[in-house]
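The values are calculated or read from the model by the stated rules, or taken from the named source; none is laboratory data. Just so you know, these numbers come straight off a predicted model, no measurement behind them. Note that we place each Cβ from the backbone using ideal geometry, even for glycine, and neighbour counts take in every protein chain shown. Please note that ligands, DNA and RNA were not included when accessible areas were found on the heavy atoms of the full protein model with its side chains. Shrake-Rupley method; radii C 1.70, N 1.55, O 1.52, S 1.80 Å.
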Amino acid sequence: MSRLVKRGLLGGLVATTVGLATIAHTGTEEGLKLKAYIPIPGDVPTICYGETKGVRMGQTATKAECDAMLLKRLDEFAGKVEACVKAPMSDPTLVSFVGLAYNIGSGGFCSSTVVRRYNAGDRRGACDAMLMWNKAGGRVVRGLTLRRERERALCLKGV
């Protein structure tokens, strides 16, 4: 279990303060869609807050289902971020890293310059490296550029 959640009295996942911040950040960045869609031609079916795992076209969800799905998936991504980032992270840095990993995948995140720089002690350089992840299909995407700038600013708050 990551710093994002704790087990409630009935055993279910309950968001911590940093978990709530991560949900708010990632949920806002991803946007909410209650019906499965294809975000970019040729991409995979997506629903809720950018969820792709097991999604099929025609699928629908409620906001409550999307919120629960996001909490569970962010906890999974936080665990992967915490496994590949060996140096201690502040809450804002963790939130920004989990948001990036959720968007680009944990494999991409863990093998990124962001992680290499952070683990080497270059905290500011790690935050700056987030800006490299602004492309889709080899092209710079304005929306991704703006998102990475916001994530970088959040990351720098924790440095």
Counting only heavy atoms of the protein chains, get the accessible area per residue of the stretch 63-159 (1.4 Å probe) and round it to a whole Å² value.
48 Å²
Per-residue HN-Hα couplings for the stretch 47-60, Karplus 6.51 cos²θ - 1.76 cosθ + 1.60 at θ = phi - 60°, whole Hz, x for Gly and Pro?
8, 6, 9, x, 6, 10, 5, x, 7, 10, 4, x, 5, 10
For E29, what is the net charge nearby, where nearby means another residue's Cβ is under 11 Å from its Cβ and Lys, Arg count +1, Asp, Glu -1?
+1
What distance in nm lies between label points placed 7 Å from Cα along the C-beta direction at A136 and T62?
3.0 nm
Over the stretch 1-85, what is the relative contact order in percent, taking alpha-carbon pairs closer than 8 angstrom and at least six residues apart?
29 percent
What residue among G137, G58, G108 has the largest mean-square fluctuation in a Gaussian network model of the chain, using Cα springs under 10 Å?
G137
Centre separation in Å (Cα based) which lies between the stretch 32-47 and the stretch 61-84:
18 Å
Given the DSSP H assignment, sum -39500 (n - 2.57) over each helix run of at least 4 residues in the chain and divide by its residue total; what's the result at 222 nm in deg cm²/dmol, nearest 500?
-16500 deg cm²/dmol
Using the C-alpha atoms of the stretch 35-74, what convex hull volume per residue, in cubic angstrom, is computed?
61 Å³
Expressed as a percent, the accessible surface of the chain that is carbon or sulfur, using a 1.4 Å probe and the full set of protein chains, is 57 percent
Taking R0 as 30 Å, what FRET efficiency do you get between V55 and D122 from their Cβ-Cβ distance, rounded to the nearest 0.05?
0.25
A convex hull over the alpha carbons of the chain yields, per residue, a volume in Å³ of 109 Å³
Given H placed 1.01 Å from N in the peptide plane, which residues other than close sequence neighbours of T16 have an amide H under 5 Å from its amide H?
V5, K6
Could you run the Karplus curve 6.51 cos²θ - 1.76 cosθ + 1.60 with θ = phi - 60° over the stretch 79-86 and give me ³J(HN,Hα) per residue in whole Hz, x for Gly and Pro?
x, 6, 4, 5, 6, 9, 8, 8
